[in-house]
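The values are calculated or read from the model by the stated rules, or taken from the named source; none is laboratory data. It should be emphasised that the depicted structure is a prediction, and the values quoted were computed from it without experimental measurement. All Cβ positions, glycine included, derive from the backbone under ideal geometry; neighbour counts span all protein chains shown. Note: accessible area is taken over every heavy atom of the protein model, side chains too, but ligands, DNA and RNA are not part of it. Shrake-Rupley method; radii C 1.70, N 1.55, O 1.52, S 1.80 Å.
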Amino acid sequence: MSRYRSRPRSASNRVAAAALATVACVCVGATTADATPTDTEPVVSRGVSIPAFYTPPAQLPSANGALIRHEPLPLGLSLPGLDGRPLPGTATRLMYKSTDSDGRAVAVTGAYLEPSAKWKGDGPRPLVAVASGTMGQGDQCAPSFALQHPLTVNGQTLSVGYDNLAIYRLLAGGAAVVVTDYVGLGATDRLHTYVNRQDEGHAVLDAVRAARALPGTSLTSGSRVGLYGYSEGGGASASAAELQPAYAPDVHLAGTYAGAPPADLTAVMKGIDGSALAAALGWAINGFAQAYPDMRGIAEANLNDAGRKALADTSTMCVGEAVFRYGFARSTAWTNSGKSVAEIITEEPRAQAVLDEQRIGTLKPAGPVRVTTGIQDDIVPHAQARQLAVDWCRKGGNITYAAVDLPNLGDRLLTNHLAPLVTDQAAAISWLTDRLEGKPTTSNCWTMPFQR
């Protein structure tokens, strides 16, 4: 049985094809980049037409990070500069080749942004790969799509490009930015493999390679590279830092920011169950059922009709409508036994093995890393994010750990998770900019016993 599921070509068909239905999908080839298809039936997700650009070709190039296609991307928020150049810069939509957790070729979309601002630091203009926080699982939620449409709302879907703020701040400082849509978010041939450690880490590192391959940029072979991500993006950037030595030795990392990283999915599942972001359980199960046959069988055996409907429904949702539709839902209502999804996984060794495989912190990360976590965060629990810093410190990593101490802003409301994103962003970008300028940093692992 294939581990892949093709993406239905309309919103109604996609909802009908639950995440547990599996059909044949992508063929792996070794051809060069192709043109954007013009004769394929448009993909419509919750009333949003997905541009043909996002439909991958039948065959993919062999090299990781190889460009498949690119085209100009109009920014939804842009102003004319005094020198005639647009602010904050110009954007290019990308599709590039990556490798998924099963070792198979996969097409990933994203965007490259060339800043109008000059880089005033040491050396050539640097590049920051931004791994976006949770956007959802529908193709209309893709971060590159959100650069063109910062707010997508039509009565069926609600998507907000909240990471655009960090992207624009990086551009204002003169750093170039490449954004990945991750595996299956945007690209219409499969579902987004939400919080899949290898898929996301590979997509981030290959986005750097794709940006380097893009013609006409100001990047050079000496451009330093940084990674930036919060929440889902924090896990993706953390994973990329771990995987870089083996997967992408050509991508040298000057620094990585990993904010609120979901490093231990067993703990994270418990945190999101019954919270405002309960729909993320559906996204995770959908993604793992697509990638792992064992997980698909376990889901089929344990989910009731309500659970199957929730998985199909969430597979096309962005965060906005997901919060309204499934906010504070409990997975006990989705299972035949009335047990929570976390309880079922704990009792099923095959499922627990899949989640254990996703654990971040088992490898020493490349380069310096800043790990940030809010002490009140109950969505991506603080304790497991802090443990990631501890694990990396024990492996000799160059870790700067920063605990964000804010008052409790409401249990399970997302507020305790989102507040550190806003309050720590300036410090995070400042720290990363110092690394891009070549300034050294010293680990503060010795402070861990004294930090919450």
Scan the stretch 52-70 and tell me whether some residue there is more than 21 Å from V204 (Cβ to Cβ), at pLDDT 95 or above and hydroxyl-bearing (S, T, Y). yes
Among (1) open to solvent by less than 20 Å² (accessible area, probe 1.4 Å); (2) under 27 Å from A385 (Cα atoms); (3) in contact with a Lys or Arg (Cβ under 8 Å, 6 or more places away or on another chain), there is one condition T332 misses while meeting the rest; what is its number? (1)
Looking across the stretch 283-308 at residues that are without any contact (Cβ under 8 Å) to a residue 60 or more places away in the chain and assigned to a helix (DSSP H, G or I), the single one that is most open to solvent (accessible area, probe 1.4 Å) is D305
Of everything in the stretch 354-376, what is closer than 15 Å to S239 by Cβ and either of a type in the set (A, V, I, L, M, F, W, C) or not in a loop (DSSP other than H, G, I, E, B) (or both)? Give them in sequence order. L355, D356, E357, I360, L363, A366, V369, V371
Going through the stretch 149-172 one residue at a time, which ones are open to solvent by 20 Å² or more (accessible area, probe 1.4 Å) and either touching a Lys or Arg at 6+ places or on another chain (Cβ under 8 Å) or of a type in the set (S, T, Y) (or both)? N154, Q156, Y162, Y168
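Which is under 20 Å from D424 (Cβ atoms), touching a residue at least 12 places away in the same chain (Cβ under 8 Å) and touching a Lys or Arg at 6+ places or on another chain (Cβ under 9 Å), of G271, G229, G233?
Working: G229 fails: touching a Lys or Arg at 6+ places or on another chain (Cβ under 9 Å); G233 fails: touching a Lys or Arg at 6+ places or on another chain (Cβ under 9 Å).
Exactly one of G271, G229, G233 is under 20 Å from D424 (Cβ atoms), touching a residue at least 12 places away in the same chain (Cβ under 8 Å) and touching a Lys or Arg at 6+ places or on another chain (Cβ under 9 Å), namely G271.
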Taking the stretch 243-268, which residues are crowded, with 24+ Cβ neighbours inside 10 Å and part of a helix (DSSP H, G or I)? Q244, L265, V268
Name the single residue, out of those in the stretch 319-329 being out of contact with any Lys or Arg (no Cβ under 8 Å at 6 or more places or on another chain) and among the hydrophobic types (A, V, I, L, M, F, W, C), that is least open to solvent (accessible area, probe 1.4 Å). A322
Can you tell me which condition A58 does not meet? The list is (1) open to solvent by 40 Å² or more (accessible area, probe 1.4 Å); (2) assigned to a strand (DSSP E or B), and all the others hold. (2)
Failed item in (1) in a helix (DSSP H, G or I); (2) surrounded by fewer than 20 Cβ atoms within 10 Å (Cβ to Cβ); (3) touching a residue at least 60 places away in the same chain (Cβ under 8 Å), with G222 passing the rest: (1)
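Pick from the stretch 366-387 the residues that are closer than 23 Å to V128 by Cβ and within 18 Å of the chain's Cα centre (by Cα): which of them is surrounded by the fewest Cβ atoms within 10 Å (Cβ to Cβ)? Quick ask: steps written out before the conclusion?
Of the stretch 366-387, the ones closer than 23 Å to V128 by Cβ are 366-374, 380, 385.
Imposing the further condition that a residue be within 18 Å of the chain's Cα centre (by Cα) reduces the set to 369-373, 380, 385.
Values: V369: 28, R370: 24, V371: 27, T372: 26, T373: 30, V380: 31, A385: 30.
Checking each candidate, the answer is R370.
Could you please let me know if D434 is of a type in the set (D, E), more than 17 Å from P261 (Cα to Cα) and either touching a Phe, Trp or Tyr at 6+ places or on another chain (Cβ under 6 Å) or outside any loop (DSSP other than H, G, I, E, B) (or both)? Working first, answer last.
Details: of a type in the set (D, E): yes; more than 17 Å from P261 (Cα to Cα): yes; either touching a Phe, Trp or Tyr at 6+ places or on another chain (Cβ under 6 Å) or outside any loop (DSSP other than H, G, I, E, B) (or both): yes.
Considered against the rule, which asks whether it is of a type in the set (D, E), more than 17 Å from P261 (Cα to Cα) and either touching a Phe, Trp or Tyr at 6+ places or on another chain (Cβ under 6 Å) or outside any loop (DSSP other than H, G, I, E, B) (or both), D434 comes out as yes.
Would a scan of the stretch 399-420 turn up a residue that is without any contact (Cβ under 8 Å) to a residue 12 or more places away in the chain, more than 22 Å from A246 (Cα to Cα) and open to solvent by 20 Å² or more (accessible area, probe 1.4 Å)?
Residues of the stretch 399-420 without any contact (Cβ under 8 Å) to a residue 12 or more places away in the chain: 410, 415, 418.
Imposing the further condition that a residue be more than 22 Å from A246 (Cα to Cα) reduces the set to 410, 415, 418.
With open to solvent by 20 Å² or more (accessible area, probe 1.4 Å) added as a condition, the list becomes 415, 418.
Within the stretch 399-420 (the criterion being without any contact (Cβ under 8 Å) to a residue 12 or more places away in the chain, more than 22 Å from A246 (Cα to Cα) and open to solvent by 20 Å² or more (accessible area, probe 1.4 Å)), the answer is yes, since at least one residue qualifies.
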Does any residue of the stretch 78-94 turn out to be farther than 27 Å from A322 by Cβ, open to solvent by less than 10 Å² (accessible area, probe 1.4 Å) and among the hydrophobic types (A, V, I, L, M, F, W, C)? no
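Name the residue, out of V354, V390, V341, that is surrounded by fewer than 22 Cβ atoms within 10 Å (Cβ to Cβ), of a type in the set (A, V, I, L, M) and over 19 Å from Q198 (Cα atoms).
Numbers: V354 fails: over 19 Å from Q198 (Cα atoms); V341 fails: surrounded by fewer than 22 Cβ atoms within 10 Å (Cβ to Cβ).
Checking each option against the conditions leaves just V390.
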